[in-house]
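Okay, structure first, notes after.
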Amino acid sequence: MTFITGLIASLLVLTAAPASAEIYRNVDAQGNVTYSDEPSSGAEAIEVEPVTTITLPKLEDVTAPAARPQSNEPAADTYSDLRIVAPANDEAFQSGSGDVAFRVTSNPALRQGHKYEITLDGQPVGQSTSSDISVRNVDRGTHQAMVYIIDRNGARIQTGAGISFTIHRPSTLN
């Protein structure tokens, strides 16, 4: 029984102690500084602060769209035409910064309390009462964009036609 108690106590001490290793700093005859986890002649032990680690949320937790409220506005309050006019569907263009300028149109014009919302690859990226919406730092590649009209409660009341576009961004790799 004492052996098991001793084993459990040892395991608790090991798990409670912070994980640390000795780091050694060595300066050679030419003044070059090297660091190692193995001691060498003339090396001095240095203290290193613990590394801060961050646990990121799972991708599905980040990209899952939040539940939207239901619209309280009457169904007659719809738009007959809602679409993205720029960029054009299937357009490919260069953007060094990754900025994309969307232009949307609706018929009738946007009503009081309503906003346009742009989604990129299923994720909301911009809202505005203006027909011009800029989205910054879009990754290179092909993307799907949609436009919606949302009411003052944040509920989507109209869905426009989606587009696909390809953005080219310069890279030092290619």
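Bear in mind these aren't lab numbers, they're just calculated from the coordinates by the rules spelled out. Just so it is clear, the model here is predicted, and its values are computed rather than measured. Cβ coordinates were reconstructed from backbone atoms using ideal geometry, including for glycine residues, and neighbour counts include every protein chain displayed.
The residues of the range 141-151 that are under 16 Å from Ser106 (Cβ atoms) and either loosely packed, with under 15 Cβ neighbours inside 10 Å or small (Gly, Ala, Ser) (or both) amount to a single one, Ala145.
The residues listed here are Thr105, Thr119, Thr166; of these, the one that is surrounded by 13 or more Cβ atoms within 10 Å (Cβ to Cβ), in contact with a His (Cβ under 9 Å, 6 or more places away or on another chain), part of a strand (DSSP E or B) and among the polar types (S, T, N, Q) is Thr166.
Among the conditions (1) in contact (Cβ under 8 Å) with a residue 40 or more places away in the chain; (2) surrounded by fewer than 14 Cβ atoms within 10 Å (Cβ to Cβ); (3) assigned to a loop (DSSP other than H, G, I, E, B), the only one that Val138 does not satisfy is (2). Selection over the range 84-102 of residues that are under 16 Å from Ala161 (Cα atoms) and loosely packed, with under 14 Cβ neighbours inside 10 Å gives a count of 5.
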